[in-house]
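Down below is the structure, laid out as C-alpha coordinates.
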Amino acid sequence: VRRSSNHDFGFSGNVVDEIKYQSLSAVTKISLTDFGNVTTVQVVTKATERALSLKERKLNCLVTRKLPTYNGTTWSGVFDTDGSVLSGTIAATTSFVNILAAITQDPFIGRQSLTTIDLAQIYALYSQIGGYFGLGTEPMAFHYTLDSDNISYEETIRMIANAVFCIAYRQNGKIRFSFDKPQTASTALFTHRNKKPASDVISRRFAADDEYDGIELTYNDNVSDAQEVIKLPLSGLATNYKKIDLTGVRQYKMAYLRAAREYNKLRYQRVSIETETTMDGRLLLPNQRIDIVDNTRFDSQDGEVIAQSGLTLTLSRNLVFGVGTHSILLMKRDGSLESIGCTAGTNANQVVLDSTPSEAINTTHGGANGVRTIFSFGADSVASANSYLVQEVNISDKSYVKVSAINYDANYYSDDLETIPNREDVL
(Lines give C-alpha, C1' and ligand atoms only; values in the text may rest on other atoms or scores of the structure.)
Protein backbone atom coordinates (compact mmCIF):
# COMPACT_ATOMS: atom_id res chain seq x y z
CA VAL A 1 0.00 0.00 0.00
CA ARG A 2 1.43 3.41 -0.90
CA ARG A 3 0.34 7.03 -1.23
CA SER A 4 -0.10 8.17 -4.81
CA SER A 5 -0.81 11.89 -4.13
CA ASN A 6 1.98 14.48 -3.71
CA HIS A 7 3.24 15.19 -0.21
CA ASP A 8 2.70 18.70 1.17
CA PHE A 9 6.23 19.65 2.20
CA GLY A 10 5.08 23.09 3.34
CA PHE A 11 2.81 21.68 6.08
CA SER A 12 4.53 21.50 9.47
CA GLY A 13 1.98 19.29 11.26
CA ASN A 14 1.40 15.50 11.19
CA VAL A 15 -0.69 13.91 8.49
CA VAL A 16 -2.64 10.80 9.50
CA ASP A 17 -4.70 8.74 7.09
CA GLU A 18 -7.06 6.03 8.38
CA ILE A 19 -7.60 3.24 5.90
CA LYS A 20 -10.11 0.37 6.26
CA TYR A 21 -10.08 -2.65 3.96
CA GLN A 22 -13.34 -4.28 2.96
CA SER A 23 -11.55 -7.32 1.51
CA LEU A 24 -7.90 -8.23 1.94
CA SER A 25 -6.10 -11.51 1.39
CA ALA A 26 -2.54 -12.73 1.21
CA VAL A 27 -1.04 -15.89 -0.18
CA THR A 28 2.30 -17.36 0.84
CA LYS A 29 3.78 -20.33 -0.91
CA ILE A 30 4.45 -23.22 1.50
CA SER A 31 7.23 -25.58 0.58
CA LEU A 32 6.62 -28.05 3.45
CA THR A 33 4.44 -31.05 2.72
CA ASP A 34 4.57 -32.53 6.21
CA PHE A 35 4.13 -30.51 9.44
CA GLY A 36 4.92 -33.41 11.76
CA ASN A 37 2.62 -34.99 14.31
CA VAL A 38 -0.03 -32.25 14.19
CA THR A 39 -3.45 -31.86 12.64
CA THR A 40 -3.56 -29.09 10.02
CA VAL A 41 -6.85 -27.41 9.11
CA GLN A 42 -7.23 -24.79 6.37
CA VAL A 43 -10.12 -22.40 6.97
CA VAL A 44 -11.62 -19.67 4.80
CA THR A 45 -13.52 -17.07 6.80
CA LYS A 46 -15.79 -14.58 5.09
CA ALA A 47 -15.29 -10.98 6.26
CA THR A 48 -18.77 -10.59 7.72
CA GLU A 49 -19.50 -7.93 10.31
CA ARG A 50 -19.62 -10.55 13.06
CA ALA A 51 -16.38 -12.20 11.97
CA LEU A 52 -14.57 -8.85 11.91
CA SER A 53 -15.80 -8.07 15.44
CA LEU A 54 -13.94 -11.06 16.92
CA LYS A 55 -10.59 -10.15 18.43
CA GLU A 56 -9.39 -13.75 18.25
CA ARG A 57 -10.39 -16.21 15.58
CA LYS A 58 -11.82 -19.51 16.80
CA LEU A 59 -12.57 -22.73 14.99
CA ASN A 60 -15.04 -25.37 16.16
CA CYS A 61 -15.49 -28.53 14.14
CA LEU A 62 -16.66 -32.10 14.64
CA VAL A 63 -13.93 -34.69 14.17
CA THR A 64 -13.44 -38.32 15.09
CA ARG A 65 -9.86 -39.20 15.92
CA LYS A 66 -8.25 -42.20 14.26
CA LEU A 67 -6.77 -44.66 16.74
CA PRO A 68 -5.59 -48.26 16.85
CA THR A 69 -8.62 -50.45 17.53
CA TYR A 70 -8.93 -53.43 19.90
CA ASN A 71 -10.87 -56.61 19.08
CA GLY A 72 -10.60 -58.23 22.50
CA THR A 73 -7.30 -59.93 21.75
CA THR A 74 -4.99 -57.75 19.66
CA TRP A 75 -4.51 -54.13 18.62
CA SER A 76 -4.54 -53.01 15.02
CA GLY A 77 -1.65 -50.61 15.58
CA VAL A 78 1.09 -49.53 18.00
CA PHE A 79 1.77 -46.02 19.35
CA ASP A 80 5.22 -44.42 19.36
CA THR A 81 6.56 -42.55 22.41
CA ASP A 82 5.63 -39.17 20.87
CA GLY A 83 1.98 -40.16 20.45
CA SER A 84 2.16 -40.99 16.75
CA VAL A 85 1.36 -44.39 15.31
CA LEU A 86 4.51 -46.46 15.03
CA SER A 87 3.07 -49.35 13.05
CA GLY A 88 -0.18 -51.03 12.02
CA THR A 89 -3.45 -49.42 11.04
CA ILE A 90 -5.73 -46.83 12.64
CA ALA A 91 -9.42 -46.09 12.21
CA ALA A 92 -11.94 -43.45 13.28
CA THR A 93 -13.42 -44.72 16.56
CA THR A 94 -15.57 -43.56 19.47
CA SER A 95 -15.22 -46.81 21.42
CA PHE A 96 -14.39 -46.01 25.03
CA VAL A 97 -11.99 -48.98 25.15
CA ASN A 98 -9.89 -47.62 22.29
CA ILE A 99 -9.96 -44.11 23.74
CA LEU A 100 -9.01 -45.40 27.20
CA ALA A 101 -5.96 -47.15 25.75
CA ALA A 102 -4.99 -44.07 23.71
CA ILE A 103 -5.07 -41.60 26.61
CA THR A 104 -3.18 -44.05 28.83
CA GLN A 105 -0.27 -44.06 26.40
CA ASP A 106 -0.63 -40.41 25.36
CA PRO A 107 2.58 -38.50 26.26
CA PHE A 108 0.52 -35.52 27.48
CA ILE A 109 -2.23 -37.31 29.44
CA GLY A 110 -1.49 -40.76 30.87
CA ARG A 111 2.18 -41.25 30.00
CA GLN A 112 1.83 -44.91 31.02
CA SER A 113 1.90 -48.35 29.43
CA LEU A 114 -1.14 -50.47 28.67
CA THR A 115 -0.31 -52.69 31.64
CA THR A 116 -1.85 -49.92 33.77
CA ILE A 117 -5.37 -50.91 32.70
CA ASP A 118 -7.07 -54.31 32.81
CA LEU A 119 -8.05 -54.49 29.15
CA ALA A 120 -9.54 -57.97 29.36
CA GLN A 121 -11.91 -56.97 32.19
CA ILE A 122 -12.89 -53.65 30.60
CA TYR A 123 -13.43 -55.15 27.13
CA ALA A 124 -15.72 -57.78 28.67
CA LEU A 125 -17.79 -54.91 30.09
CA TYR A 126 -17.77 -53.23 26.67
CA SER A 127 -19.80 -56.07 25.18
CA GLN A 128 -21.93 -56.37 28.32
CA ILE A 129 -23.00 -52.72 28.25
CA GLY A 130 -24.06 -52.91 24.62
CA GLY A 131 -26.02 -56.09 25.17
CA TYR A 132 -27.77 -54.74 28.26
CA PHE A 133 -29.20 -51.59 26.67
CA GLY A 134 -29.75 -53.12 23.22
CA LEU A 135 -28.94 -49.84 21.46
CA GLY A 136 -26.05 -50.90 19.25
CA THR A 137 -22.73 -49.15 19.87
CA GLU A 138 -24.24 -45.96 21.32
CA PRO A 139 -23.87 -46.99 25.00
CA MET A 140 -20.16 -47.76 24.47
CA ALA A 141 -19.22 -44.45 22.84
CA PHE A 142 -17.35 -41.52 24.36
CA HIS A 143 -17.45 -38.08 22.70
CA TYR A 144 -15.25 -35.41 24.20
CA THR A 145 -12.35 -33.17 23.21
CA LEU A 146 -9.45 -33.86 25.55
CA ASP A 147 -7.61 -30.58 25.03
CA SER A 148 -7.13 -29.20 28.55
CA ASP A 149 -3.95 -29.57 30.59
CA ASN A 150 -5.93 -28.89 33.79
CA ILE A 151 -7.55 -32.35 33.79
CA SER A 152 -5.57 -35.18 35.34
CA TYR A 153 -5.34 -38.70 33.93
CA GLU A 154 -7.46 -40.02 36.79
CA GLU A 155 -10.15 -37.40 36.18
CA THR A 156 -10.16 -38.26 32.47
CA ILE A 157 -10.67 -41.93 33.34
CA ARG A 158 -13.53 -40.98 35.64
CA MET A 159 -15.20 -38.97 32.84
CA ILE A 160 -14.98 -41.90 30.42
CA ALA A 161 -16.37 -44.36 32.98
CA ASN A 162 -19.21 -42.02 33.93
CA ALA A 163 -20.26 -41.61 30.29
CA VAL A 164 -20.78 -45.36 29.92
CA PHE A 165 -22.60 -46.01 33.24
CA CYS A 166 -19.48 -47.27 35.03
CA ILE A 167 -17.27 -46.45 38.00
CA ALA A 168 -13.49 -46.67 37.63
CA TYR A 169 -11.40 -48.19 40.41
CA ARG A 170 -7.87 -49.47 40.91
CA GLN A 171 -7.22 -53.02 42.09
CA ASN A 172 -3.90 -54.85 42.25
CA GLY A 173 -2.21 -51.97 40.46
CA LYS A 174 -4.62 -52.04 37.49
CA ILE A 175 -7.51 -49.76 36.53
CA ARG A 176 -10.82 -51.57 36.14
CA PHE A 177 -14.43 -50.55 35.44
CA SER A 178 -17.57 -51.56 37.32
CA PHE A 179 -20.84 -51.45 35.33
CA ASP A 180 -23.80 -50.08 37.27
CA LYS A 181 -26.65 -52.48 36.50
CA PRO A 182 -29.37 -54.46 38.35
CA GLN A 183 -28.09 -57.24 40.63
CA THR A 184 -30.38 -60.04 41.71
CA ALA A 185 -28.35 -61.12 44.75
CA SER A 186 -25.76 -59.80 47.16
CA THR A 187 -22.20 -61.09 47.01
CA ALA A 188 -21.04 -60.45 50.59
CA LEU A 189 -22.47 -60.33 54.11
CA PHE A 190 -21.34 -58.20 57.03
CA THR A 191 -22.70 -58.86 60.51
CA HIS A 192 -21.51 -57.91 63.99
CA ARG A 193 -19.09 -60.85 63.70
CA ASN A 194 -17.03 -59.21 60.93
CA LYS A 195 -17.57 -55.53 61.75
CA LYS A 196 -15.91 -53.22 64.22
CA PRO A 197 -18.15 -52.88 67.30
CA ALA A 198 -20.41 -49.80 67.31
CA SER A 199 -19.06 -48.61 63.91
CA ASP A 200 -22.37 -48.42 62.02
CA VAL A 201 -23.48 -44.90 61.06
CA ILE A 202 -26.80 -44.98 59.20
CA SER A 203 -28.42 -41.88 57.66
CA ARG A 204 -32.04 -41.95 56.59
CA ARG A 205 -33.37 -39.25 54.30
CA PHE A 206 -36.99 -38.33 53.67
CA ALA A 207 -38.37 -36.05 50.98
CA ALA A 208 -38.61 -32.41 52.11
CA ASP A 209 -39.45 -29.08 50.50
CA ASP A 210 -35.83 -27.96 50.51
CA GLU A 211 -34.51 -31.10 48.76
CA TYR A 212 -34.22 -31.70 45.03
CA ASP A 213 -37.39 -32.92 43.38
CA GLY A 214 -36.23 -33.03 39.78
CA ILE A 215 -33.26 -33.49 37.45
CA GLU A 216 -31.91 -30.96 34.94
CA LEU A 217 -29.32 -32.69 32.75
CA THR A 218 -27.30 -30.75 30.17
CA TYR A 219 -25.41 -32.40 27.32
CA ASN A 220 -24.04 -31.57 23.85
CA ASP A 221 -26.47 -33.02 21.32
CA ASN A 222 -25.26 -34.56 18.06
CA VAL A 223 -28.35 -33.46 16.10
CA SER A 224 -28.60 -29.79 17.02
CA ASP A 225 -24.85 -29.59 17.70
CA ALA A 226 -25.69 -27.44 20.72
CA GLN A 227 -26.27 -27.86 24.42
CA GLU A 228 -29.65 -29.43 25.15
CA VAL A 229 -31.43 -29.80 28.50
CA ILE A 230 -33.47 -32.76 29.70
CA LYS A 231 -35.75 -32.06 32.67
CA LEU A 232 -37.41 -34.79 34.71
CA PRO A 233 -40.15 -35.35 35.70
CA LEU A 234 -41.68 -34.67 32.28
CA SER A 235 -44.72 -33.14 33.98
CA GLY A 236 -42.61 -30.06 34.72
CA LEU A 237 -43.95 -29.88 38.27
CA ALA A 238 -40.52 -29.94 39.93
CA THR A 239 -39.47 -26.77 41.73
CA ASN A 240 -35.87 -27.50 42.76
CA TYR A 241 -33.81 -29.21 40.06
CA LYS A 242 -30.53 -31.00 40.64
CA LYS A 243 -28.28 -29.77 37.82
CA ILE A 244 -26.00 -32.28 36.09
CA ASP A 245 -23.52 -31.60 33.27
CA LEU A 246 -22.97 -34.83 31.34
CA THR A 247 -19.72 -34.94 29.36
CA GLY A 248 -18.82 -37.49 26.72
CA VAL A 249 -22.42 -38.25 25.67
CA ARG A 250 -23.95 -36.74 22.50
CA GLN A 251 -26.84 -39.11 21.74
CA TYR A 252 -30.28 -38.12 23.02
CA LYS A 253 -31.21 -41.71 23.96
CA MET A 254 -28.20 -42.21 26.21
CA ALA A 255 -28.59 -38.76 27.78
CA TYR A 256 -32.24 -39.51 28.57
CA LEU A 257 -31.37 -42.87 30.13
CA ARG A 258 -28.78 -41.19 32.34
CA ALA A 259 -31.29 -38.51 33.37
CA ALA A 260 -33.83 -41.22 34.21
CA ARG A 261 -31.24 -43.08 36.32
CA GLU A 262 -30.39 -39.92 38.24
CA TYR A 263 -34.05 -39.09 38.78
CA ASN A 264 -34.81 -42.60 40.08
CA LYS A 265 -31.88 -42.41 42.49
CA LEU A 266 -33.24 -39.08 43.65
CA ARG A 267 -36.56 -40.76 44.39
CA TYR A 268 -35.44 -44.07 45.88
CA GLN A 269 -32.05 -43.42 47.50
CA ARG A 270 -33.10 -42.95 51.09
CA VAL A 271 -30.50 -44.70 53.25
CA SER A 272 -26.72 -44.47 53.41
CA ILE A 273 -24.38 -46.35 55.71
CA GLU A 274 -20.80 -46.08 56.85
CA THR A 275 -19.30 -48.98 58.72
CA GLU A 276 -15.92 -50.50 59.48
CA THR A 277 -15.43 -54.12 58.56
CA THR A 278 -12.66 -56.64 59.07
CA MET A 279 -10.20 -57.25 56.23
CA ASP A 280 -13.03 -58.98 54.31
CA GLY A 281 -13.94 -55.47 53.15
CA ARG A 282 -10.77 -55.19 51.07
CA LEU A 283 -12.37 -57.51 48.51
CA LEU A 284 -15.33 -55.19 47.89
CA LEU A 285 -15.71 -53.33 44.59
CA PRO A 286 -17.61 -50.15 43.67
CA ASN A 287 -21.25 -50.75 42.65
CA GLN A 288 -21.16 -54.21 44.26
CA ARG A 289 -24.35 -55.27 46.00
CA ILE A 290 -23.73 -56.46 49.55
CA ASP A 291 -25.79 -57.21 52.66
CA ILE A 292 -25.03 -55.30 55.86
CA VAL A 293 -26.91 -56.18 59.03
CA ASP A 294 -28.10 -53.08 60.87
CA ASN A 295 -26.34 -53.46 64.22
CA THR A 296 -27.69 -50.13 65.45
CA ARG A 297 -30.89 -52.06 66.12
CA PHE A 298 -31.12 -54.20 69.22
CA ASP A 299 -33.03 -56.98 67.47
CA SER A 300 -30.67 -57.62 64.53
CA GLN A 301 -30.61 -61.39 63.98
CA ASP A 302 -27.12 -62.42 62.93
CA GLY A 303 -24.20 -64.34 64.32
CA GLU A 304 -22.39 -67.69 63.93
CA VAL A 305 -23.36 -71.34 63.50
CA ILE A 306 -22.11 -73.18 66.58
CA ALA A 307 -23.38 -76.71 65.83
CA GLN A 308 -24.97 -78.81 63.07
CA SER A 309 -26.97 -82.01 63.08
CA GLY A 310 -28.13 -82.93 59.58
CA LEU A 311 -30.29 -80.02 58.39
CA THR A 312 -30.64 -78.59 61.90
CA LEU A 313 -28.35 -75.69 62.74
CA THR A 314 -27.71 -74.43 66.26
CA LEU A 315 -26.94 -70.71 66.24
CA SER A 316 -25.14 -68.31 68.55
CA ARG A 317 -28.37 -66.46 69.39
CA ASN A 318 -32.12 -66.93 69.61
CA LEU A 319 -34.25 -66.05 66.56
CA VAL A 320 -37.74 -64.66 66.23
CA PHE A 321 -39.93 -66.05 63.42
CA GLY A 322 -42.64 -63.77 62.13
CA VAL A 323 -45.37 -64.14 59.50
CA GLY A 324 -44.50 -65.74 56.16
CA THR A 325 -41.47 -67.64 54.95
CA HIS A 326 -37.95 -67.12 56.28
CA SER A 327 -34.41 -67.68 55.03
CA ILE A 328 -30.96 -67.88 56.51
CA LEU A 329 -28.02 -66.35 54.66
CA LEU A 330 -24.75 -68.27 55.09
CA MET A 331 -21.29 -66.96 54.22
CA LYS A 332 -18.99 -69.40 52.42
CA ARG A 333 -15.23 -69.66 52.88
CA ASP A 334 -14.55 -67.54 49.78
CA GLY A 335 -16.84 -64.75 51.05
CA SER A 336 -19.76 -65.54 48.71
CA LEU A 337 -23.27 -66.08 50.05
CA GLU A 338 -25.90 -68.80 49.97
CA SER A 339 -29.51 -68.23 50.94
CA ILE A 340 -31.53 -71.24 52.12
CA GLY A 341 -35.14 -71.36 53.27
CA CYS A 342 -35.66 -72.52 56.83
CA THR A 343 -38.22 -73.21 59.56
CA ALA A 344 -38.05 -72.97 63.32
CA GLY A 345 -36.21 -75.73 65.18
CA THR A 346 -36.94 -77.30 68.54
CA ASN A 347 -35.09 -74.57 70.44
CA ALA A 348 -35.23 -70.79 69.92
CA ASN A 349 -31.64 -70.76 68.63
CA GLN A 350 -32.20 -73.52 66.07
CA VAL A 351 -33.40 -73.61 62.47
CA VAL A 352 -34.16 -76.49 60.11
CA LEU A 353 -32.87 -75.94 56.58
CA ASP A 354 -35.00 -76.70 53.52
CA SER A 355 -31.96 -78.08 51.68
CA THR A 356 -28.34 -79.04 52.26
CA PRO A 357 -25.81 -76.17 51.96
CA SER A 358 -23.53 -76.38 48.92
CA GLU A 359 -20.50 -76.04 51.21
CA ALA A 360 -19.78 -77.73 54.53
CA ILE A 361 -20.58 -75.50 57.50
CA ASN A 362 -17.74 -74.75 59.91
CA THR A 363 -18.74 -74.87 63.58
CA THR A 364 -15.22 -74.87 65.04
CA HIS A 365 -13.61 -71.59 65.98
CA GLY A 366 -9.87 -70.95 65.70
CA GLY A 367 -6.90 -72.87 64.36
CA ALA A 368 -6.77 -73.96 60.73
CA ASN A 369 -10.57 -73.72 60.48
CA GLY A 370 -10.59 -69.96 61.02
CA VAL A 371 -13.94 -68.53 62.10
CA ARG A 372 -17.29 -70.28 62.28
CA THR A 373 -19.78 -69.89 59.43
CA ILE A 374 -21.48 -66.49 59.70
CA PHE A 375 -25.24 -66.16 59.22
CA SER A 376 -27.93 -63.54 58.87
CA PHE A 377 -31.61 -64.37 59.34
CA GLY A 378 -34.85 -62.69 58.35
CA ALA A 379 -38.27 -62.91 56.73
CA ASP A 380 -38.29 -63.23 52.93
CA SER A 381 -40.67 -60.28 52.67
CA VAL A 382 -37.93 -57.93 53.93
CA ALA A 383 -34.94 -59.83 52.60
CA SER A 384 -33.65 -56.82 50.64
CA ALA A 385 -33.99 -54.34 53.49
CA ASN A 386 -30.27 -54.64 54.30
CA SER A 387 -28.97 -54.64 50.71
CA TYR A 388 -26.57 -51.84 49.79
CA LEU A 389 -24.51 -50.62 46.83
CA VAL A 390 -20.85 -50.04 47.67
CA GLN A 391 -19.69 -46.49 46.93
CA GLU A 392 -16.24 -46.27 48.55
CA VAL A 393 -13.81 -48.59 50.29
CA ASN A 394 -11.00 -47.08 52.36
CA ILE A 395 -8.43 -48.70 54.63
CA SER A 396 -9.00 -46.99 57.97
CA ASP A 397 -6.32 -48.81 59.97
CA LYS A 398 -4.42 -52.10 60.06
CA SER A 399 -7.41 -54.06 61.30
CA TYR A 400 -10.49 -52.50 59.69
CA VAL A 401 -11.78 -51.29 56.34
CA LYS A 402 -14.17 -48.34 56.09
CA VAL A 403 -17.07 -49.02 53.72
CA SER A 404 -19.55 -46.40 52.47
CA ALA A 405 -22.72 -47.58 50.72
CA ILE A 406 -26.24 -46.55 49.72
CA ASN A 407 -29.40 -48.63 49.85
CA TYR A 408 -29.86 -50.95 46.88
CA ASP A 409 -33.16 -50.50 45.05
CA ALA A 410 -34.11 -52.16 41.75
CA ASN A 411 -36.14 -49.04 40.92
CA TYR A 412 -32.87 -47.24 40.13
CA TYR A 413 -32.85 -49.17 36.85
CA SER A 414 -36.60 -49.31 36.14
CA ASP A 415 -36.38 -47.05 33.04
CA ASP A 416 -33.31 -48.67 31.47
CA LEU A 417 -35.25 -50.93 29.12
CA GLU A 418 -38.47 -48.91 28.82
CA THR A 419 -39.51 -47.06 25.65
CA ILE A 420 -37.63 -43.75 25.44
CA PRO A 421 -39.93 -40.75 24.81
CA ASN A 422 -39.70 -38.96 21.49
CA ARG A 423 -37.00 -36.34 21.31
CA GLU A 424 -39.48 -33.60 20.38
CA ASP A 425 -41.53 -34.28 23.52
CA VAL A 426 -38.56 -33.88 25.86
CA LEU A 427 -36.17 -31.27 24.48
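The values are calculated or read from the model by the stated rules, or taken from the named source; none is laboratory data. Since we're looking at a predicted model, the values are computed, not measured. Here the Cβ positions follow ideal geometry from the backbone for every residue, glycine too, while neighbour counts run over all protein chains shown. These area figures cover heavy atoms from the full protein model, side chains too; ligands, DNA and RNA do not enter into them. Shrake-Rupley method; radii C 1.70, N 1.55, O 1.52, S 1.80 Å.
Could you list which residues have their amide H under 5 Å from that of residue 308, counting only those 5 or more apart in sequence or on another chain, with H placed in the peptide plane?
314
From a point 7 Å beyond the Cα of residue 149 in the direction of its Cβ, which residues of region 27-62 have a backbone N at a distance under 18 Å?
From region 27-62, the list is 37-39.
Among the GluC sites (Glu not before Pro) within region 145-251, which fall in a DSSP loop and have no more than 11 other Cβ atoms within 10 Å of their own Cβ?
On the way: sites: 154, 155, 211, 216, 228; in loops: 211.
Filter output for region 145-251: 211.
For the chain, report the % of Cα-Cα distances exceeding 39 Å. It would help to have the intermediate numbers written out before the result.
Numbers: 37912 of 90951 pairs.
For the chain, the fraction of Cα-Cα distances above 39 Å is 42 percent.
For region 187-327, just the Cα set please: Rg and Dmax, both in angstrom.
22.1, 70
By the scheme Lys and Arg +1, Asp and Glu -1, what is the net charge of all other residues having a beta-carbon under 9 Å from that of residue 387? Before the final figure, lay out the partial values.
Working: positive: 289; negative: 291, 409.
With Lys, Arg at +1 and Asp, Glu at -1, the net is -1.
Ignoring ligands, DNA and RNA, what accessible area per residue does region 84-161 give at 1.4 Å, in Å²? Intermediate results must be reported in sequence, preceding the final value.
Details: 3670 Å² over 78 residues.
Dividing the accessible area of region 84-161 by its residue count gives 47 Å².
Can you give me the long-range amide H partners of residue 67? Hydrogens built in the peptide plane at 1.01 Å from N, cutoff under 5 Å, separation of 5 or more residues or another chain.
91, 92, 93
Please compute the Kirkwood hydrodynamic radius over region 99-185, one decimal place, Å, based on all pairs of different Cα atoms.
Details: mean 1/r = 0.0732 Å⁻¹.
About 13.7 Å for region 99-185.
In region 1-98, what chymotrypsin sites (Phe, Trp or Tyr not before Pro) fall in a loop by DSSP, with at most 11 other Cβ atoms inside 10 Å? Could you put the intermediate results ahead of the total?
Working: sites: 9, 11, 21, 35, 70, 75, 79, 96; in loops: 9, 11, 21, 35.
Passing sites in region 1-98 are 9, 11, 21, 35.
Which percentage, to the nearest 5, of the DSSP beta bridges contained in the chain is antiparallel? Write out the running numbers ahead of the final one.
Details: 65 of 73 bridges.
So the antiparallel bridges amount to about 90 percent of the total.
Can you pull out the trypsin sites (Lys or Arg not before Pro) in region 1-89 whose DSSP state is coil and whose Cβ has at most 13 other Cβ atoms within 10 Å? Display every interim value, and only then the final one.
Numbers: sites: 2, 3, 20, 29, 46, 50, 55, 57, 58, 65, 66; in loops: 2, 3, 20, 29, 46, 55, 57, 58, 65.
In loop regions of region 1-89 (DSSP not H, G, I, E or B), the sparsely surrounded trypsin sites (Lys or Arg not before Pro) are 2, 3, 20, 29, 46, 55, 57, 58.
Can you compute 3J(HN,Hα) from phi for each residue in region 346-352, using the Karplus curve 6.51 cos²θ - 1.76 cosθ + 1.60 with θ = phi - 60°, rounded to whole Hz and x for Gly and Pro?
Along region 346-352, the couplings run 5, 9, 5, 9, 10, 9, 10 Hz.
With every protein chain present, what is the per residue accessible area of region 168-284 (1.4 Å probe, Å²)? Numbers along the way, then the final one.
Details: 6050 Å² over 117 residues.
Dividing the accessible area of region 168-284 by its residue count gives 52 Å².
If you average the alpha carbon positions of region 73-98 and of region 179-234, how far apart do those two centres end up, in angstrom?
36
Could you compute Rg(Cα) / (2.2 N^0.38 Å) for region 326-368, with N its residue count? Walk me through the numbers before you get to the answer.
On the way: Rg = 11.7 Å, N = 43, 2.2 N^0.38 = 9.2 Å.
Output field value: 1.27.
Taking a probe of 1.4 Å, how large is the accessible area per residue of region 316-427, in Å²?
Working: 6010 Å² over 112 residues.
Normalised by residue count, the accessible surface of region 316-427 is 54 Å².
Could you check how much of the accessible area of the chain is carbon and sulfur, as a whole percent, using a 1.4 Å probe? Show your work: numbers first, answer last.
Details: 12680 of 25820 Å².
Taking all protein chains in place, the chain shows 49 percent carbon and sulfur surface.
What does the helix-only formula give at 222 nm for the chain: each DSSP H stretch with n ≥ 4 adding -39500 (n - 2.57), the total divided by the residues, and the result rounded to the nearest 500 deg cm²/dmol? Walk me through the numbers before you get to the answer.
On the way: 6 runs with 62 residues, N = 427.
About -4500 deg cm²/dmol.
Test of understanding: what is the full-extension gain from residue 391 to residue 12, defined as 0.36 nm times their sequence separation minus their Cα-Cα distance? Write out the running numbers ahead of the final one.
On the way: separation 379, 0.36 × 379 = 136.44 nm, distance 8.13 nm.
The span from residue 391 to residue 12 would gain 128.3 nm if fully extended.
State the volume of the convex hull built on the alpha-carbon positions of region 1-143, expressed per residue in Å³ and rounded to an integer. Spell out each step's value before the answer.
Details: hull volume 30.4 nm³, N = 143.
Convex hull volume per residue, Cα atoms: 212 Å³.
If one computes the Cα centroid of region 250-294 and of region 397-423, what distance in Å separates the two points?
Region 250-294 and region 397-423 have Cα centres separated by 3 Å.
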